[in-house]
Structures are given as C-alpha cells and as structure tokens.
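S.K.: Sending over a structure as structure tokens; questions will come in a sec.
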Amino acid sequence: MNIPKEVLEIADGIRSMKIRGAGRIARSAANALKIASEMYTGNTLNEYIEYIKTIADVLLNTRPTAVSLPNAINFVISRLMRKIDYISDVEEARNIVEGAASEFIVRSKEALKLIGVIGAKRIRDEDVILTHCNSSAALSVIMKAYEEGKNIKVFATETRPKFQGIITVKILASKGIDVTLIPDSAVRLIMKKVDKVIVGADAVAANGAVVNKIGTSQIALAAHEARVRVFVAAETYKFSPATVTGELIIIEERKPSEVVSTAFLEEHPKIRVRNPAFDVTPADYIDAIITEKGVIPPQAAILILKEEYGWVISDYLLRISSSEEGETTK
Amino acid sequence: MKDCVEELFSSAIKELNEKGKVLSSTSLALIMLSRIEELISRTENISSLRYLAEYLDRIIKIRSSAILLHNIIRELLKKANRYLEEAREDSVDKIVQEIIKLRKMIIGSLQALGTITSKRIESGDVIMTHAYSTSVFMALKTAIKEGKDIRVYVSESRPFSNGITMAENLEKLGVEVTLFVDSAMRYFMKEVDKVLLGAEAIAANGAVVGKVGSSLLSLVAHEARVRVLVISSIMKFSPETFLGELIEEERTTPDVMLSKDIIAELHKLGVKFYVPVLDFTPPEYIDLIVTERGIIAPQAVTFIVRELYGWPPEVPNVSELLRRFRLKIEEVITK
C-alpha cells in the first residue's frame, strides 16, 4: 500500500523544519502514524504491520538527530509489538496504534502542566530561584509555584548570544513575579543568594546528562559548589534513546554573527568567533529531573526510556544487526 | 591660561565618566597620572592643585574598588602634603616629578609582570582569559615576542564586553584568538592549558577581586584541573583589608548591556536589573599570583603587605589625606 499524501506532508514539514520544537515534532509524528493507520485499506494483519513499520521508518528518517521524534514513534510501535502475539486481526492492531498515538498526543500536551504541578511542590515559600534561557517547562514550575501563593523571587540570566532571558523576564514579570535580569557572567556571584536553580532541557541522555542551552553546565557547577539544588524540568519525550547505544550527542556551533556583528567579523578576519548552542551538564550536578511522570534522579533516565518508550538495548542491537545482514546479502 | 586648564579639566572629567568603570585599573591609573600632570604642569601655579584635588576625588568615587588607584593616590598625596607643609617654592614642580616617578613605577612593574609570567607560558599553550587586563595583555605580548606559539581564548565579558577589546588587541599581535560568549567558558575549558587573569584588588586572605565572571572562570578551571594564574602588581594588594575593611561591591546600570527601548519596556513590566562589575575569587581556585617581585601563593599576600606597609600595616586613609591636601592648598593660596 502507498504512503498517504497527508503523512508525506507531515514528514516533509518535519524534514524542512517547518514543524519545529521537540513537542510539536513528536506530536506531528504520532499524528502521522494515526492518520496512516486510519487510511489503511487492506485487511491482512502482516501487511498492516509492515505498512506501519514503513511509515515509522519514513518518519524516523526525516530528522535522524531529533530526540523527541523516535520517542513518539517508539511509544506507538512498542505498544503494538508488545501485543503482537495476541492480536488476531487488523482491527485490533489498528485500535492499538491509533489509541497509543492519541494517548501520546494528549499526554505530551498535558506534560507541561503536569511538570508545573509536580515541580511546584519542590518550591518553598520565600525561595529565590535562578533560571537560564527560556524554558517552557521551567517557567511552568515557577509560575505554578507563584499561583499557589508562594512568595518567590527569580533571577534570570540574559542568555547571550540571543537574549532568550529577556523573553523569560517578560513572561514572569507580566504574571506579577518578582524577577531580576543578570548578565551570564554573574551566575557564581549571585549563587549565594539563590535557593534553587531550575532550567529546562533540550535532551536528556541515557546516563542522566542534560543537554541544554550553553551556560547551563557552568551554572550547575556553580550551584553544586554552593550546595544549591539544581532541577531540570523536562518532558519525557526529551530523553534521548540514541544515547542508550553509546551515540554521542553532537553540539551544534552556530553562526558567529549571532555573537558579534558581521561588520566586526569583516574588520577582524583573524578573530575566530565560536558559538556553541548547547552544553552538556553531567548528572553529578543535577539533583533531580522533573518530568510529567514524576521527579526522578538523573541516573534513572534509562528507566524512563525503557518504561515509557519501550527502548531496550536489544532493540537497537537487533536493528543494527538486521541492517548489516541486509547489506551483506546485497 | 585659566580657561585652558578649565577646559582640560572638564574633558578629563568627561573621560572619567565615560571610561572610569570600563577600563582596566592599570590603564585608568596611567590615564589619571597623565591627566593630573597635564593639569598642574600647564600653569605651575598652586591654584591648579585645586583641579588635581578635585580630579582625585572624582576618580576615587567612580572606581572605589581599584586598589591600584588608591595606593598610587596615597603615595602621591603623602609626598604632596609634605611639600606643601614645608612651604617649598617648587612644590608644584616636585609633585609633577612625583607623578612621573609613579608612572615609571607602573610601567616598570608591567614589564616585570610580562617577563615573569612569560616564563610560565610554554609554546603550544592554549590560554583562556576574561575581560581586559593590561597585565595579562603585557604577559601575552611578551610571550608572543619571545616567539612562543600560543593560542588565546577570550570570553566576551559582559557587562562592557571588554573581552572584545582584548581580542582586537591580540589580533594585532598576530596571535590566533578565539572569542565566545561568557556562558561557554566551561564548554571550552577542556581545550585550555592555562587561565590568566588580572585583578582589580587582592585582599588580605589572597582572594582576588576581578571583573565579574573571573570567579566563575576560576571555578570552571579548578573543576577541569587547569591552572589559574593571577597577574597583579603588589600595588593592587589592599592594605585596608588587613585592617578588616571590606572591598565594596561595584555595580553598574543596565544601559551598558541593553538598548534603552528594551530597558524601558522591561522596567514598565516591573523587571529589575542587577549588573555587577566585580566578583571575588577565593584563594583555593588560584594556583599562583605573579607579582613584579616574583611569584607567590595567594596565601602569601600577607608577607608582601608586611614588607610594604609594616606590621600592623600603616596606611593613612586616602580621603583623609585628600582633605588635608585641600586644606594645605587653601592655606598656601591665602598666604
């Protein structure tokens, strides 16, 4: 059976980065699986399973480095595979796939709210919080704590080079929260006044290391030095399955013109400007990761990957060996 | 003639307001000595000392944390007060000579700092620094002139972004220099062999007061077991801190970081700003301090202060010296 046009459109959207952001990518992929299943017209079970697997592969290949995309797909496929021996017809298989896809979409939409509710319990009245960059999950925690009537004070870093800290202070101040903007270089100086650090994550590796906006790791280090607790607020779909098999997370270095003007770069051809977008915070500097499933120690990241998304190392090994076989038989 | 001095004075004050917080304390001290020399040697008249007193008063207020300025001004005023007391005919001339002597001393110490530090720099070293320190620049310049093949990483250093000035000046020396945002210190530390930092002041316990971000960089270096060298003239050792004085926290306004429009918009929403200029690095994170008298452990600052100021250190208060200086000037003029 051919791949439906609607599914290809979503795949294109993800590939061309028209669909951006970890949450939106993941939900679009789950939705694509659901649409594909709904549009399946055949009636043999094996054919259906092959068809869904093909769709999953097409979606996975749109952005091989995205973290949330394989999670969304595995969330659905692993639920199908777990019951594969007990399914007798296409209808049953469809129900599982479409049900799992809808469940993923609903859950991921609710994740931010749940993270807020769970994380806010960790915030005490009169706490001084430091945050970095602009993370919806971290803000959800801070704003929920404030809504619960906790009298909190927030320091936010300006977050060079792109000043996402300005978005953060605008959001918090418009809610009425006491918020102060500081330069990134002042994080160690300010740490003495801080009770808790709350940041977001772009990805969480299997060992609990957190990939987030550049500067996060030195903030966590300064907090660790001052015995200030560090919380990472992250939806579970940000946990990176590829790292389970030893894949390294590659940090993207962006255009120098984000840091200095293009005129400066032309005037100073010998000054090399490097602009890494993210850094990696080791699990040792993180006290807990606040997810929509609950608060976990960073070292338990592998549990989330296994329980929620059905990732097992053997899955990967099987996939690798089968692709190798494929190559040799060619 | 008087108009000319007045003009000179007002342009010197304008310069202070613009650069007083931004410049490295050594550059500021050298500028101060040039300006006061110009001010008083123009007329050779006692009344011109009023401008000198006023200028010193302003510079202390603008940069109260810069111990080099305090120590230089203290030396100058001790001598000046004596000349005025002795009611010497040539007291203005003597003060000018004293100013020249102090300038020579600063330049001499910079050269010594460069030569000594350079011995600790090896070919192939990747060196990270923060902000703009005249002493660090001198050290790097000396190492490069001696033919050492080094690479330098420098952080932008907001507020003021004087890391950019450092990168520009190093580029002129032909050294390979990499510039990055302050948030990326830890990201790059794995590629670094040594960290060089300047100082605004050094306290009794060996803690270093430096441009904000210096303590963060030292912590990050310490974590990665990268050596931290602080390059500082002994004239930056703060004798007052031995008597229990605290070094004041220096702050600036957000307009050095953000545009007026953004500040106004954020202000309206109730956002506050905290823009510190300095921070404090504990001695544990500093491997050594290079001074013009040699290399010392941060904990050995006491020995040097004892040598310089006796024990317990005898340090006349700068404001008190300035008050007496002003009184003396008026006395001499009314006579």
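The values are calculated or read from the model by the stated rules, or taken from the named source; none is laboratory data. What you see is a predicted model, and the numbers here were worked out from it, not measured in a lab. Cβ sites come from the backbone with ideal geometry, for glycine too, and all protein chains shown count toward neighbours. Note: areas computed on protein heavy atoms with side chains; ligands, DNA, RNA excluded. Shrake-Rupley method; radii C 1.70, N 1.55, O 1.52, S 1.80 Å.
S.K.: Residues to consider are B:SER109, B:SER183, B:SER133; find the one that is over 17 Å from B:LEU28 (Cα atoms) and at pLDDT 95 or above.
M.R.: After ruling out the rest, the residue left standing is B:SER183.
S.K.: Next question. From the list A:GLU110, A:GLU98, A:GLU103, which residue is exposed (fewer than 14 other Cβ atoms within 10 Å of the Cβ) and part of a helix (DSSP H, G or I)? Reasoning before the result, please.
M.R.: On the way: A:GLU98 fails: exposed (fewer than 14 other Cβ atoms within 10 Å of the Cβ); A:GLU103 fails: exposed (fewer than 14 other Cβ atoms within 10 Å of the Cβ).
Result: A:GLU110 is the single residue among A:GLU110, A:GLU98, A:GLU103 that is exposed (fewer than 14 other Cβ atoms within 10 Å of the Cβ) and part of a helix (DSSP H, G or I).
S.K.: Out of (1) within 22 Å of A:LEU112 (Cα to Cα); (2) crowded, with 24+ Cβ neighbours inside 10 Å, what's the single condition that is false for A:GLN218?
M.R.: Here A:GLN218 clears every test but (1).
S.K.: Let me ask something additional. Tell me, yes or no, whether the stretch B:117-137 has at least one residue that is buried (at least 21 other Cβ atoms within 10 Å of the Cβ), within 12 Å of chain A (Cβ to nearest Cβ) and of a type outside the set (Gly, Ala, Ser).
M.R.: The answer is yes; a qualifying residue exists.
S.K.: Same structure again: Determine whether the stretch A:212-221 contains at least one residue that is at pLDDT below 95, within 23 Å of A:LEU303 (Cα to Cα) and within 14 Å of chain B (Cβ to nearest Cβ).
M.R.: Yes, because at least one residue in the stretch A:212-221 is at pLDDT below 95, within 23 Å of A:LEU303 (Cα to Cα) and within 14 Å of chain B (Cβ to nearest Cβ).
S.K.: Of all the strands (runs of 3 or more DSSP E) wholly in the stretch B:254-335, which have at least 2 residues that are β-branched (Val, Ile, Thr) and open to solvent by less than 60 Å² (accessible area, probe 1.4 Å)?
M.R.: Numbers: elements: B:278-281, B:288-291, B:294-296.
Ranges flagged: B:288-291.
S.K.: Further, regarding this structure: Regarding A:ARG63, is this residue farther than 21 Å from A:LYS5 by Cα and either of a type in the set (Asp, Glu) or open to solvent by less than 70 Å² (accessible area, probe 1.4 Å) (or both)?
M.R.: no
S.K.: Quick test for you: out of A:ILE55, A:ILE49, pick the one residue that is touching a residue at least 12 places away in the same chain (Cβ under 8 Å) and open to solvent by 10 Å² or more (accessible area, probe 1.4 Å).
M.R.: A:ILE49
S.K.: For the stretch A:255-302, which positions are of a type in the set (Ser, Thr, Tyr) and in contact with a helix residue (DSSP H, G or I) (Cβ under 6 Å, 6 or more places away or on another chain)?
M.R.: Within the stretch A:255-302, A:THR281, A:TYR285, A:THR291 qualify.
S.K.: Which of the residues that make up the stretch A:197-213 are in contact with a Cys (Cβ under 9 Å, 6 or more places away or on another chain) and not charged (D, E, K, R)?
M.R.: A:VAL199, A:GLY200, A:ASN212, listed by residue number.
S.K.: Consider B:MET235 against the criteria (1) open to solvent by less than 10 Å² (accessible area, probe 1.4 Å); (2) in contact with a Leu (Cβ under 7 Å, 6 or more places away or on another chain); (3) not polar (S, T, N, Q): it satisfies all of them except one. Which criterion is unmet?
M.R.: For B:MET235, the exception is condition (1).
S.K.: Let me ask another. Six or more apart or on different chains, Cβ under 7 Å: which pairs go from a residue in the stretch B:283-298 that's among the aromatic types (Phe, Trp, Tyr) to one that's open to solvent by less than 30 Å² (accessible area, probe 1.4 Å) and not in a helix (DSSP H, G or I)? Could you list them?
M.R.: Cβ pairs passing all conditions: B:TYR285/B:VAL228.
S.K.: On to the next question. Please go through the stretch B:179-195 and pick out each residue that is within 8 Å of another protein chain (Cβ to nearest Cβ) and within 24 Å of the chain's Cα centre (by Cα).
M.R.: Correct list: B:LEU179, B:PHE180, B:VAL181, B:ASP182, B:MET185.
S.K.: Whether any residue in the stretch A:228-246 is within 11 Å of another protein chain (Cβ to nearest Cβ), open to solvent by 30 Å² or more (accessible area, probe 1.4 Å) and under 21 Å from A:LEU69 (Cβ atoms) is what I want to check.
M.R.: Checked against the condition, which is being within 11 Å of another protein chain (Cβ to nearest Cβ), open to solvent by 30 Å² or more (accessible area, probe 1.4 Å) and under 21 Å from A:LEU69 (Cβ atoms), the stretch A:228-246 yields no hits at all.
S.K.: While we're on this one: If we keep just the residues of the stretch B:170-206 that are without any contact (Cβ under 8 Å) to a residue 60 or more places away in the chain, assigned to a loop (DSSP other than H, G, I, E, B) and not small (Gly, Ala, Ser), which is surrounded by the fewest Cβ atoms within 10 Å (Cβ to Cβ)?
M.R.: B:LEU173
S.K.: Any chance you could count how many residues in the stretch A:150-192 are among the basic types (Lys, Arg), open to solvent by 50 Å² or more (accessible area, probe 1.4 Å) and within 7 Å of another protein chain (Cβ to nearest Cβ)?
M.R.: 1
Condition check ((1) hydrophobic (A, V, I, L, M, F, W, C); (2) closer than 22 Å to A:ARG20 by Cα; (3) not assigned by TED's automatic domain parsing to the domain that holds A:SER135) across all residues:
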residue	(1), (2), (3)
A:PHE231	yes, no, no
A:LYS255	no, yes, no
A:LEU265	yes, no, no
A:ARG274	no, no, no
A:PHE278	yes, yes, no
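S.K.: A follow-up question, please. Mind checking which pairs have a first residue in the stretch B:252-266 that is within 12 Å of chain A (Cβ to nearest Cβ) and a second that is acidic (Asp, Glu) and surrounded by 15 or more Cβ atoms within 10 Å (Cβ to Cβ), Cβ under 7 Å, 6 or more apart or different chains?
M.R.: Pairs found: B:MET257/A:GLU158.
S.K.: Evaluate the stretch A:260-270: report whether one residue or more is without any contact (Cβ under 8 Å) to a residue 12 or more places away in the chain and either open to solvent by less than 10 Å² (accessible area, probe 1.4 Å) or of a type in the set (Ser, Thr, Tyr) (or both).
M.R.: Residues of the stretch A:260-270 that are without any contact (Cβ under 8 Å) to a residue 12 or more places away in the chain, as a first pass: A:261-270.
With the extra rule that they be either open to solvent by less than 10 Å² (accessible area, probe 1.4 Å) or of a type in the set (Ser, Thr, Tyr) (or both), the set shrinks to A:261-262.
So far as the stretch A:260-270 goes, yes, one or more of its residues are without any contact (Cβ under 8 Å) to a residue 12 or more places away in the chain and either open to solvent by less than 10 Å² (accessible area, probe 1.4 Å) or of a type in the set (Ser, Thr, Tyr) (or both).
S.K.: Has the stretch A:217-227 got any residue that is polar (S, T, N, Q) and under 29 Å from A:ILE105 (Cβ atoms)?
M.R.: Pass one, the stretch A:217-227, residues polar (S, T, N, Q): A:217-218.
If we keep only those that are under 29 Å from A:ILE105 (Cβ atoms) too, we end up with none.
There is no residue in the stretch A:217-227 that is polar (S, T, N, Q) and under 29 Å from A:ILE105 (Cβ atoms).
S.K.: Can I ask one more? Output yes when any residue across the stretch B:169-180 is of a type outside the set (Val, Ile, Thr) and within 18 Å of B:SER214 (Cα to Cα), and no when none is.
M.R.: Yes; the residues of the stretch B:169-180 include at least one that is of a type outside the set (Val, Ile, Thr) and within 18 Å of B:SER214 (Cα to Cα).
S.K.: Right, next: Does the stretch A:193-210 hold any residues that are within 13 Å of another protein chain (Cβ to nearest Cβ) and surrounded by 24 or more Cβ atoms within 10 Å (Cβ to Cβ), and which are they?
M.R.: Listed by number, the list holds a single entry, A:VAL199.
S.K.: Given the conditions (1) under 23 Å from the mean Cα position of the chain (by Cα); (2) facing another protein chain (nearest Cβ under 10 Å); (3) modelled with pLDDT of 95 or more, and given that A:ALA101 satisfies all but one, which numbered condition is not satisfied?
M.R.: Here A:ALA101 meets the rest and fails (2).
S.K.: For residues that are open to solvent by 10 Å² or more (accessible area, probe 1.4 Å), among the hydrophobic types (A, V, I, L, M, F, W, C), part of a helix (DSSP H, G or I) and touching a Phe, Trp or Tyr at 6+ places or on another chain (Cβ under 9 Å), tally how many sit in the stretch A:66-89. Don't jump to the end; show me each part of the working.
M.R.: Kept after step one, since they are open to solvent by 10 Å² or more (accessible area, probe 1.4 Å), are these residues of the stretch A:66-89: A:66-67, A:70, A:74, A:77-79, A:81-89.
From what is left, the residues that are among the hydrophobic types (A, V, I, L, M, F, W, C) are A:66-67, A:77, A:81, A:84, A:87.
Now restrict to residues that are part of a helix (DSSP H, G or I): A:77, A:81, A:84.
If we keep only those that are touching a Phe, Trp or Tyr at 6+ places or on another chain (Cβ under 9 Å) too, we end up with none.
Of the residues in the stretch A:66-89, 0 are open to solvent by 10 Å² or more (accessible area, probe 1.4 Å), among the hydrophobic types (A, V, I, L, M, F, W, C), part of a helix (DSSP H, G or I) and touching a Phe, Trp or Tyr at 6+ places or on another chain (Cβ under 9 Å).
S.K.: Taking interchain pairs and intrachain pairs at least six residues apart, which have beta carbon atoms under 6 angstrom, with the first residue in the stretch A:6-30 and in contact (Cβ under 8 Å) with a residue 60 or more places away in the chain and the second in a helix (DSSP H, G or I) and of a type in the set (A, V, I, L, M)?
M.R.: Partner pairs satisfying both residue conditions: A:ALA26/A:ALA72; A:ARG27/A:ILE105; A:ALA30/A:ALA72; A:ALA30/A:ALA101; A:ALA30/A:ILE105.
S.K.: Quick test for you: out of A:ALA301, A:ALA283, A:ALA288, pick the one residue that is aliphatic (A, V, I, L, M), open to solvent by less than 20 Å² (accessible area, probe 1.4 Å) and either out of contact with any Pro (no Cβ under 7 Å at 6 or more places or on another chain) or modelled with pLDDT under 90 (or both).
M.R.: A:ALA301
S.K.: Determine if the stretch B:152-165 includes at least one residue that is within 14 Å of chain A (Cβ to nearest Cβ), crowded, with 18+ Cβ neighbours inside 10 Å, polar (S, T, N, Q) and touching a residue at least 60 places away in the same chain (Cβ under 8 Å).
M.R.: Yes, because at least one residue in the stretch B:152-165 is within 14 Å of chain A (Cβ to nearest Cβ), crowded, with 18+ Cβ neighbours inside 10 Å, polar (S, T, N, Q) and touching a residue at least 60 places away in the same chain (Cβ under 8 Å).
S.K.: Another one. Criterion first (surrounded by 18 or more Cβ atoms within 10 Å (Cβ to Cβ) and of a type in the set (Val, Ile, Thr)) does A:ILE250 satisfy it? Full working, then the answer.
M.R.: Numbers: surrounded by 18 or more Cβ atoms within 10 Å (Cβ to Cβ): no; of a type in the set (Val, Ile, Thr): yes.
In short, no.
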